[in-house]
Amino acid sequence: MPEQPPQSQPYEPEGAVAGTGMGGGMDLAASEASSLAPGPDGGAGGAGPAERPRSLWSDAWRDLRRNPVFLLSALVICFLVLIAVWPSLIAPGNPLSCDLARAQDGPSPGHPFGFDGQGCDVYTRTVHGARASVTVGVCATLGVAVLGSVLGALGGYFGGAWDAVLSRVTDIFFAIPVVLGGLVLLSVVTSNTVWPVVGFIVLLGWPQIYRIARGSVITAKQHDYVQAARALGASDTRILLRHIAPNAVAPVIVVATIALGTYIALEATLSYLGVGLKPPSVSWGIEISAASPYVRNAPHALLWPAGALAVTVLAFIMLGDAVRDALDPKLR
């Protein structure tokens, strides 16, 4: 009977060999080889759960939280909104209380900004003037964004005669000078509220948002997921609201944020020219207009409301720039 060869003992190497996927191998230590065993979640052993996929908005929010420009501008804007809602928090005085005996007086205890040409406390009127200016900016921006986005979405999605008519109407509105239009349209208004100014800004401001929204919708409706939704029988309303709008709204948000500061400056310009807000309303434009004749004798009466206006406009522009950088993947 032939002699059987001795059975070899199993070889236990110190290291293991892992395939490289290219026909070769790679020596690994035993501890490293054991880490390649699948874990309970289907991944490599010792690895945590799979990372949750991030969306454009989550990535944008992560970038914004790390952007010092956004944090600074947001802090300034939050403070402005606070004093616009509750001005007596830091200026308990009456903005309509004036004393002609103190007209053009400089800063004094209890009156850090001095007095204007009518003897009114500049500090109190500057703080209370934030309410009208911020209200005009926010309400006008919301109206412009909603009207321009709705019309732009309809024009960009349906096209045809509807889009052609709206495009020609926007060309007409773009041809109207904003300040000249305000002088003509608001000169016949006698109301002292902010709503005529808000309505005028919405009337002349929506074409800009319309063009932005129209272009975004035209781009978004060409994507495969929209074509798939249409092939599955989704209605036009569902496609617009569920598939196109979330992916086309980012440019509108950026433009509207930057435009908010512009609308505040426009309200101040119209009030300075006497066709915007009118006394006894209190706004930065009215304060700048009232202080202009006394700029040589009482420059402080012009400096503080003009400075508040400049800081507000700059804060909103900086906020819009930060949001644009966060929402534009090409800038990352």
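Where helices (runs of 4 or more DSSP H) fall wholly inside segment 161-266, the ranges with 3 or more residues that are among the aliphatic types (A, V, I, L, M) and open to solvent by less than 60 Å² (accessible area, probe 1.4 Å) are 195-220, 224-231.
On the basis of being surrounded by fewer than 18 Cβ atoms within 10 Å (Cβ to Cβ), closer than 21 Å to Ala140 by Cβ and out of contact with any Gly (no Cβ under 8 Å at 6 or more places or on another chain), does Gly274 make the cut?
On the way: surrounded by fewer than 18 Cβ atoms within 10 Å (Cβ to Cβ): yes; closer than 21 Å to Ala140 by Cβ: yes; out of contact with any Gly (no Cβ under 8 Å at 6 or more places or on another chain): yes.
Yes, satisfied.
The values are calculated or read from the model by the stated rules, or taken from the named source; none is laboratory data. All of these numbers come straight from a predicted model, not from anything done at the bench. Reconstructed Cβ throughout: ideal geometry from the backbone, glycine too, with neighbour counts over all protein chains shown. Please note that ligands, DNA and RNA were not included when accessible areas were found on the heavy atoms of the full protein model with its side chains. Shrake-Rupley method; radii C 1.70, N 1.55, O 1.52, S 1.80 Å.
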